[in-house]
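The values are calculated or read from the model by the stated rules, or taken from the named source; none is laboratory data. As the structure is a prediction and not an experimental result, all values here were calculated from the model. For neighbour counting, all protein chains shown are included, and Cβ atoms are generated from backbone atoms with ideal geometry for every residue, glycine included. Side chains included, ligands, DNA and RNA excluded: accessible areas come from the protein's heavy atoms. Shrake-Rupley method; radii C 1.70, N 1.55, O 1.52, S 1.80 Å.
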Number of protein chains: 2
Amino acid sequence: MLPVEVIERKRDGAELSPRDLTDFLDGFTRGDVGDYQVAAFLMAVYYRGLSDAELLALTRTILGSGRTLSFDDGGPPAVDKHSTGGVGDKVSLVLAPLLAEAGLRVPMMSGRGLGHSGGTLDKLAAIPGFRTDLGLAEFRDVLAEVGCAMIGQTPEIAPLDGRLYALRDVTATVPSIPLIAASIVAKKVAEGIGALVLDVKFGAGAFLPDREDALRLAETLVGLAGRLGLPATALLTSMEAPLGATVGNALEVREAVACLRGEGPGDLRTVTLALGSEALVAAGAATDPDAAGARLSRLLDGGGPLARFRRLVEAQGGDPRVVDDPDGLPAASFRHEVRATRSGVVSRLDARALGWAAVELGAGRRRIEDEVDPSVGLEIVTPVGAGVEAGGVVVRIHARTEEEAGRAAGRVAGAIEIADEAPPPGPLVWRKVGAGP
Amino acid sequence: MLPVEVIERKRDGAELSPRDLTDFLDGFTRGDVGDYQVAAFLMAVYYRGLSDAELLALTRTILGSGRTLSFDDGGPPAVDKHSTGGVGDKVSLVLAPLLAEAGLRVPMMSGRGLGHSGGTLDKLAAIPGFRTDLGLAEFRDVLAEVGCAMIGQTPEIAPLDGRLYALRDVTATVPSIPLIAASIVAKKVAEGIGALVLDVKFGAGAFLPDREDALRLAETLVGLAGRLGLPATALLTSMEAPLGATVGNALEVREAVACLRGEGPGDLRTVTLALGSEALVAAGAATDPDAAGARLSRLLDGGGPLARFRRLVEAQGGDPRVVDDPDGLPAASFRHEVRATRSGVVSRLDARALGWAAVELGAGRRRIEDEVDPSVGLEIVTPVGAGVEAGGVVVRIHARTEEEAGRAAGRVAGAIEIADEAPPPGPLVWRKVGAGP
C-alpha cells in the first residue's frame, strides 16, 4: 500500500492491517516515508484513534525498531516510573535515588520536554556536565554502582519512538491516548524491567486534562503493558497547577534536591511517595502500599537518597557540588515579579498556561531543533490556597532579557486567579488502576 | 502564537484570527514552521474545515505570497479554465487553443498530478522539448503570439500554493473543500484574468466523489472568487470513469491531438465544448451558451485549434512534429492486456482505481520528489457501455517492465465490472453554478 493510501485509510476511519501499519512505519525508519506524511498520519490518528489490533501492531513496531534489554540476572528487581507529562514535574529526580535506596534497581529512561510540559532529560541537562547519553554498557555500569541510572532514549532502544515523539511535540498530536500508550509501553517493555509504575496526570496542565480521559489512558496503558508481559500499576494524579513551586530546568533541579533533603514541597513529596510505594509493591518488595510509603518517607528524611543522588550525578559526569550548593546551577540574569492585582487567596495557577510561558522563555522547544535554556523558568512564590495582598508577588519569572520576561508576564498573569476564599482542594492522587487479579 | 498552538487550536475546532493564520503560513514560507507542522495543520483542516473568514485569510495569504498579473490592456478578454482534477482529463490541451481560436486570450497556469489524478503539466512534459517553466515575460510573449500559453506555477505567482499543493498530494489532505478552493482561487486571481470557468468533478475518480460535496465545492469556489473580484462559472462534470480512452501522459497528449483533429472521443469533446461555451459567455464574448457551443464545435472541426496547438508547442520549445505524428511521443516498451473474465457489457471502469494503477506504473508521484515517466499508462479499449466477449481486451497497460505491468494488472482488473446489460448512463455534465443573480 502506498504511504498516502495508508494515511487516507486512517483518515477515513478504516482499520489498517498490522502489515500495512508496520510497513508504513518501517518506511519512515528507512526514509521512504516523509516526516510530513507521518505528521499527517498522526493527526488522523488523533481524530480516529487506533483499534486494539492497530495499537498492538504500532507498539510492537516501535519495540521491534531496536534492542530489548533484560535484567533477569538474579539481582534486585528492576522497576521504572513513567509520567504522562506535566508542568513542574520533577518526581523522577527524587524517586530514582529513593527507590534505589529502598533496594530496587531503577534503570530509568526518560524523555525531553514535550509541548508545554517539561522533560526529565532537560532537567538533568541543567546540571553542569551531567550526561544522559550514556551507551548501554555504561548505563549498566552506573546502575550496578549506584542502584539507579537516568538516561535518554538510546539509538538501540525503540529508536522509532524518539522520532515519533519529537514529531508529535511540534504538531499538536501529543494528547492521543493510543499514541501516548504505544510510546510509553514500547519503551518500557524494551527496558526489560520487571514492573512499571505510571503517573497518569489529569487537570489543566496534563495532556489529557479531563479526568475520565486520563482514566481511559491509564487503563489502556496498564492493559497494553499486560498484553506485552509487563506488570504495571497507574496512579492518576492532579496537574491542575504545577507540581511543586518551580517550572524550568535548573529551578526544578534545585527543588528536587530540596525534596531529597526532606524539605518539601508537600505536593511533590506526596506524589513521589505514592508512586514509590506502588513501585515497591509492584516489584514484590512490599505488600502494603501504606507501610511502603511510611518506609520511603523515613528513608527520605534520613538523607540516604540525597547521598545516592550525589553519587548518581558524579557517576554520570555531572558536578556533584550542585547537590550541596545549588547556586552552582545555571541562573537567568533577569528576574521579573508578577504581582497580585487584588488581595485574596490564590485560587488557580493554570499549569498549561504556565507551561507555555516557560516554553516561551526558552525552557522548552517550539521546534524540534530549538535549544533549551536551562536557566529560565518560573518560581511560584504564592501557591494555590495561600493568601496574598494586592501587589504581593505570586510568580517570579526568570528570563534572559527584560523583553522576554515582559512577553511571558502577560501569559503568567493570565494564568493566575485570585478569589475571596480558598477553593476546596481537589484530590492530588485521585485513583489507582492496577493490573488486575 | 506558537506554530504548535495554531495547529492545536485548529485541531480543536476553534477559529483562528486572520493574523494568526497568516503568521503561521508566512512562517512556513520563511522556514520557521516545518513542513511536518503544516502537514498536521492541513489534516486538522481536513477534519475541521475553515470559517469564511479563515478561508478568505488563507486565500489572501496565498495570493499575497507572490505577484499579481494584469491583462487590463484593451486586448481580448483573458480567461482560464480550472479542473478540480480527474483521471484522463486532458481537456486543457484541447480547450486552450480552441478558446484562443475563438478570439479569447488564454493565459493558462496548470498543476502537476495530485494523488491519483493527472496534471496538465505532466501531460505537456510528455511532448519532447515542451517547456512549462517559462518566465512571465516569455509567457506574455507566447500569449501575444499564439493567443494561449500554458505554464506551471511560477515562483512569482502564489509560491505558497505550490508548496502546499505538493504537501497535500502526499499527505491525503487533498479532498478538503476549503483547501481546494483557496488553492484554485488564489492562483486564478493572481493570474489577472477577467473570467474563470471551473470544471468541478464528481464520481469515483474525483477528489470529492459525492455529487453534493462537489456542488458545495463549486459554490465555495464561485463565491470565494466573487469576493476577490473574479467572475466565475462552474460546471459539475462526471469523473465516474476516466475521461476519454487514455490515462497517462504521452497517451493523453495523443488523444488530445485526436480531439483537436475532430476525432473525438465523444465524452472529451462534450466536456470541452461545454466548458468552452461557458468561458465565452463569462468573458462577454457570447450571450447564449448553446450558440457558443455550436460555434466552438465548428471551429474544432475546421482544424484551426489544431494548427494553433502546433504553434503553441513550437512557441514553448516543443517538437511540433508530434502534433502530426504522435508516434514521436515517448512510448512504453511493455504492453499487457487486461481481458474480460466474462461476456457482457462493461458497466464500470473505476476512475480512482485506474488512476492509482497509473500512478503505480509511474505516470504520477508517490512522493514529492518522484520522477514521472511520460510513456506509461492505460488505454481503455472497451469503454463503459460497450459490449465485450470473454477474453476480449478491456484495458491495455503500457508499462516499463513486465513486472510492473503485472503489479498494475491486479488493480486494473479490480476496477473493471462487466454486467449483462448496459448501465443507465449518468449525466456527463450535471449542473452549472453561476456567479450572479
Rounded, prolate or oblate for region B:370-433? Axes are the square roots of the Cα gyration tensor eigenvalues, ordered a ≥ b ≥ c, and the cut-off for rounded is a/c under 1.5. oblate
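Distances over 17 Å make up what percent of all Cα-Cα pairs in region B:157-213?
Details: 712 of 1596 pairs.
Percentage above 17 Å: 45.
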Label-point separation, B:ALA137 to A:ARG140 (7 Å along Cα→Cβ), nm: 7.0
Mind listing the label-point distances from A:GLY410 to the same position on all other copies, shortest first, one decimal in nm, points 7 Å along Cα→Cβ? 5.7
How long is the gain from A:ARG19 to A:ARG400 if the chain were fully straight, where each residue apart is worth 0.36 nm and the alpha carbon distance is subtracted? 132.2 nm
Heavy-atom accessible area, 1.4 Å probe, ligands and nucleic acids excluded: residues of region A:1-20 down by at least 40 Å² from chain alone: A:LEU2, A:VAL4, A:GLU5, A:GLU8, A:ARG11
Quick one: which residues, 5 or more positions from A:LYS201 or on another chain, have an amide H under 5 Å from its amide H? H modelled 1.01 Å from N in the peptide plane, none for Pro or chain starts. A:THR84, A:GLY85, A:THR237
Row for region B:281-340, column shape: gyration tensor on C-alpha, a ≥ b ≥ c, rounded if a/c < 1.5 i.e. under 1.5, prolate if a/b over b/c, else oblate; value oblate
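State to the nearest 20 debye the size of the charge dipole of the protein assembly as shown about its Cα centre, where the only charges are +1 on K and R beta carbons and -1 on D and E beta carbons.
320
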Write down the Kirkwood hydrodynamic radius of the protein assembly as shown, to one decimal in angstroms, obtained as one divided by the mean of 1/r over all alpha carbon pairs. 30.1
Taking only the alpha-carbon positions of region A:232-336 and ignoring solvent, what does the Debye formula give for the base-10 log of I(q)/I(0) at q = 0.18, 0.22, 0.23 Å⁻¹? -0.99, -1.24, -1.28
Placing the label point 7 Å from Cα along the Cα-to-Cβ direction, what are the distances from A:ASP370 to the equivalent spots in the other copies, shortest first, in nm to one decimal? 3.5
Roughly how large, in nm² to one decimal, is the mean projection of the convex hull of the alpha-carbon atoms in region A:254-392? 11.4
Using the heavy atoms of the protein chains and a 1.4 angstrom probe, tell me the accessible area per residue for chain B in square angstrom. 35
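Write down the Kirkwood hydrodynamic radius of region A:137-273, to one decimal in angstroms, obtained as one divided by the mean of 1/r over all alpha carbon pairs.
Hydrodynamic radius (Kirkwood, Cα only) of region A:137-273 equals 16.7 Å.
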Taking R0 as 25 Å and r as the Cβ-Cβ distance between A:GLU212 and A:SER347, the FRET efficiency 1/(1 + (r/R0)^6), rounded to the nearest 0.05, comes to 0.60
Looking at chain A, do any whole DSSP H helices span at least 27 angstrom along their long axis by alpha carbon and average 1.0 or above on Kyte-Doolittle, and which? none
Counting alpha carbon pairs within less than 8 Å and at least 6 residues apart, what relative contact order, in whole percent, applies to region B:1-151? 17
So if I take the centroid of the Cα atoms in region B:302-354 and the same for region B:46-78, what is the distance between those two points in Å? 33
If you average 1/r over all unlike Cα pairs in chain A and invert the result, what Kirkwood radius do you get in angstrom? 21.9
For region A:192-264 and region B:84-113, what is the centre-to-centre distance using only Cα atoms, to the nearest Å? 60
Could you give me the ³J(HN,Hα) list for region B:117-134, computed from phi with Karplus coefficients 6.51, -1.76, 1.60 and θ = phi - 60°, whole Hz, x at Gly and Pro? 9, x, x, 4, 4, 5, 5, 4, 5, 6, 7, x, x, 4, 9, 10, 9, 4
Pairs to check: A:LYS90/A:LYS432; A:LYS10/A:LYS123; B:LYS123/B:LYS188; A:LYS10/B:LYS188; A:LYS81/A:LYS201. Give those whose C-alpha atoms are more than 25 Å from each other in this structure. A:LYS10/A:LYS123; A:LYS10/B:LYS188
Rounded to a whole number, what % of the accessible area of region B:5-131 do carbon and sulfur atoms account for, probe 1.4 Å? 44
Shielding of A:164-170 by partners, i.e. mean partner chain Cβ atoms within 10 Å per residue? 3
Could you compute how much accessible area chains A and B hide from each other, both sides summed, with a 1.4 Å probe? Nearest 100 Å² is fine. 3100
Mind checking region B:318-362 for trypsin sites (Lys or Arg not before Pro) that DSSP puts in a loop (not H, G, I, E or B) and that have at most 12 other Cβ atoms within 10 Å? B:ARG342
Express in whole angstrom the spacing between the alpha-carbon centres of region A:7-24 and region B:366-437. 25
Which positions within region A:347-382 get 40 Å² or more of their accessible surface covered by the other protein chains, compared to the chain by itself, with a 1.4 angstrom probe? A:TRP356, A:ARG366, A:ARG367
